[in-house]
Amino acid sequence: MAGKIETPPLTGDKLPIPPVSPGAMANLSPNRAAEGHNTFLNFPGVRVGDWKEKAVEKMGDLLDKYKSLRVFMDICVKCGSCTDKCHYFLGTGDPNNMPVARQELMRKVYRKEFTLGGKLFPGLSRAEEMSEDVLAQWWSYYHQCSQCRRCSVYCPYGIDTAEISMAAREIMDSVGVGQKYCNEILGKVLEIGNNLGINPHALANTLEFVEEEQEEESQVKVRYPMDESGADVLLIAPSADFFSSPHIEGFTGYGKIFHEAGVSWTVSSYASEFANFGMFIGSYDTMRRVAERIREAAHDLKVKRIVVGECGHAWRVGYSFWNTLIGPFDFLDPSYRTPTHICEFTWDLIQRDGVKLDKSANDERVVTFHDSCNVSRASRMGDMPGGQYDIPRNIIKAVCNHFVDMDEETIKEATYCCGGGGGLLTDELMDLRVKGALPRANALHGVMESHGVNTMAMICAICKAQFTKVLPYYHIPMDMVASVHQLVSSAVVLGGKKGV
């Protein structure tokens, strides 16, 4: 049963611009990281004494390192195109959740410290020194940005608030002000191999359980192996796929697809995690450390290719950054793209008629698809523009008889965030998460009413975790949420074709 957070009634119509409520979310912020969480990531354990000077110095380093950041600081003309594009502003009405205002929290310090006008005429330039009040605003509102990039789609100059949020978080981490959720999780993946801290013995037991349950259900043995050297494929999945619904049903589907393709595969106990929260905190060094484990596992297990599971931001990291972070992958088979998304693998198999599918197995479902932010606006799939939109939908249509899209202004490049991305999937931010989910919940309600939709499929672990938690606040059942490969798993006829 959902808690006491108030939510408006859903209409399915286009959401109106909310009344502006200054300071509505000013007191909401995440928990601080413990000293050990910070130092494990090579950040100061606690806030340093000269933090103001160090923060400004770090900002200068980032401005020099990332030319785009300096451009973003300089070119905003306050046109207003982004103001109503953020799901958090639409859900909260707090003006600091307008992307332009959230950017301004950094821009005012930039003007004071890095522009002549700001130094000479701070009042006229709306410039402000780094201070306790400014830090408090950063801490609150830069953790009310899920880095979804929707605002950048509508900005005539392409200003990317996500990059500004990532920079702000990196600056805060650099002076010992880190977020507990992200930094603690990063410690687990670097120390144990996955975000949830699942040790190899527990992971092996989980895989054995999935294998036994699947065989009992289908009477066909499908293997779910771990640490097998020489396999064709190393599968890297988000760790949620190993333990909870609807994630684990999607993982079951991965195994069935590999089985039907006649492809050997394995999970690595050393690097079982696809997610990479280093991106959320803006730390490319941490991103590299997390990703390096995957490269090492692929090399040590002597696989031919890497296939990755359903995780939105992790696909962006793999698609956009792996080559420069941890490449080259010259020890893998060059015939295959590195990495390959599980949706690319599955769609290729379907196109080659290499798997038998019974669409009627999903006939009780009327399915819609939620485009995940980082997949939609920061990556691609396949060999054609828009593949990241088309391939998941094509798979759903291949395994289901009933599919309908949500309103076109809420999908594909214009998709709304689930409200829990960017390192915000933590209980102390539940009020923000629920309100940030309003635009997607409203669009979903529209097709529930008009087309009888009872399933929303997706390819992101965070989206799945977020929606199962927040949709009940909008009187939408949590079992509405499904993995794309959960639908695939239901439709696969094992032993039907074996298409290599």
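The values are calculated or read from the model by the stated rules, or taken from the named source; none is laboratory data. Source: prediction; values computed, not measured. Don't worry about glycine lacking a Cβ; one is built from the backbone with ideal geometry, like all the others, and counts go over all protein chains shown.
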- Query: Does Ala297 satisfy the criteria of being outside any loop (DSSP other than H, G, I, E, B), farther than 24 Å from Ser372 by Cβ and assigned by TED's automatic domain parsing to the domain that holds Val375?
  - Reply: yes
- State yes or no: is Ser245 outside any helix (DSSP H, G or I), in the same structural domain as Thr468 (by TED's automatic domain parsing) and modelled with pLDDT under 95? yes
- Message: Just checking, does the stretch 192-201 include any residue being crowded, with 19+ Cβ neighbours inside 10 Å, in a helix (DSSP H, G or I), touching a residue at least 12 places away in the same chain (Cβ under 8 Å) and more than 17 Å from the chain's Cα centre (by Cα)?
- Response: no
- Query: Taking Trp138 and the conditions (1) assigned by TED's automatic domain parsing to the domain that holds Glu57; (2) under 22 Å from Arg289 (Cα atoms); (3) touching a helix residue (DSSP H, G or I) at 6+ places or on another chain (Cβ under 7 Å), which numbered condition does it fall short on, given that it satisfies the others?
  - Reply: (2)
- Residues of the stretch 148-158 being touching a residue at least 40 places away in the same chain (Cβ under 8 Å) and either outside the structural domain of Lys108 (by TED's automatic domain parsing) or more than 12 Å from Asn97 (Cα to Cα) (or both), in sequence order, are Cys148, Arg149, Arg150, Ser152, Val153, Tyr154, Cys155, Pro156, Tyr157
- Message: When you check Ala240 against the structure, is it within 27 Å of Asp479 (Cα to Cα), free of Cβ contacts under 8 Å to residues at least 12 places away in the same chain and among the hydrophobic types (A, V, I, L, M, F, W, C), yes or no?
- Response: no
- Message: Can you tell me which condition Thr83 does not meet? The list is (1) of a type in the set (Ser, Thr, Tyr); (2) under 26 Å from the mean Cα position of the chain (by Cα); (3) at pLDDT 95 or above, and all the others hold.
- Response: (3)
- Task: Please determine, by comparing only the residues of the stretch 218-273 that are out of contact with any Lys or Arg (no Cβ under 7 Å at 6 or more places or on another chain) and among the aromatic types (Phe, Trp, Tyr), which one is farthest from Asn199 (Cα to Cα).
- Result: Phe258
- Select from the stretch 421-438 the residues that are surrounded by fewer than 24 Cβ atoms within 10 Å (Cβ to Cβ) and over 15 Å from the mean Cα position of the chain (by Cα) and write down the one among them that is nearest to Leu10 (Cα to Cα). Asp431
- Select from the stretch 371-386 the residues that are free of Cβ contacts under 8 Å to residues at least 40 places away in the same chain and either part of a loop (DSSP other than H, G, I, E, B) or out of contact with any helix residue (DSSP H, G or I) (no Cβ under 8 Å at 6 or more places or on another chain) (or both) and list them in ascending order. Gly382, Asp383, Met384, Pro385, Gly386
- Query: Restricting the search to the stretch 392-420, which residues are surrounded by fewer than 20 Cβ atoms within 10 Å (Cβ to Cβ), of a type in the set (S, T, N, Q) and under 14 Å from Asp371 (Cα atoms)?
  - Reply: Asn394
- Scope the stretch 202-232; condition buried (at least 18 other Cβ atoms within 10 Å of the Cβ) and of a type outside the set (Phe, Trp, Tyr); matching residues: Leu203, Thr206, Leu207, Val210, Gln214, Val222, Ala231
- Task: Among the residues of the stretch 283-328, write down those that are of a type in the set (S, T, N, Q) and over 15 Å from the mean Cα position of the chain (by Cα).
- Result: Ser283, Thr286, Asn323, Thr324
- Message: Can you confirm whether Pro44 is over 25 Å from the mean Cα position of the chain (by Cα) and either among the aliphatic types (A, V, I, L, M) or under 30 Å from Ile462 (Cβ atoms) (or both)?
- Response: yes
- Selection within the stretch 212-228 - farther than 24 Å from Glu344 by Cα and either in contact with a helix residue (DSSP H, G or I) (Cβ under 9 Å, 6 or more places away or on another chain) or part of a helix (DSSP H, G or I) (or both): Glu212, Glu213, Glu215, Glu216, Glu217, Ser218, Val220, Lys221
- Test: residue in the stretch 354-363 that is among the hydrophobic types (A, V, I, L, M, F, W, C), crowded, with 23+ Cβ neighbours inside 10 Å and in a loop (DSSP other than H, G, I, E, B): yes
- Could you tell me whether the stretch 34-47 includes any residue that is buried (at least 20 other Cβ atoms within 10 Å of the Cβ), outside any loop (DSSP other than H, G, I, E, B) and among the aromatic types (Phe, Trp, Tyr)? no
- Note on the structure: Exactly one of Val470, Val447, Val434, Val375 is among the aliphatic types (A, V, I, L, M) and more than 30 Å from Arg169 (Cα to Cα), and that one is Val447
- Just wondering, is there one or more residues in the stretch 110-130 that are surrounded by 20 or more Cβ atoms within 10 Å (Cβ to Cβ), among the basic types (Lys, Arg), assigned by TED's automatic domain parsing to the domain that holds Lys58 and touching a residue at least 12 places away in the same chain (Cβ under 8 Å)? yes
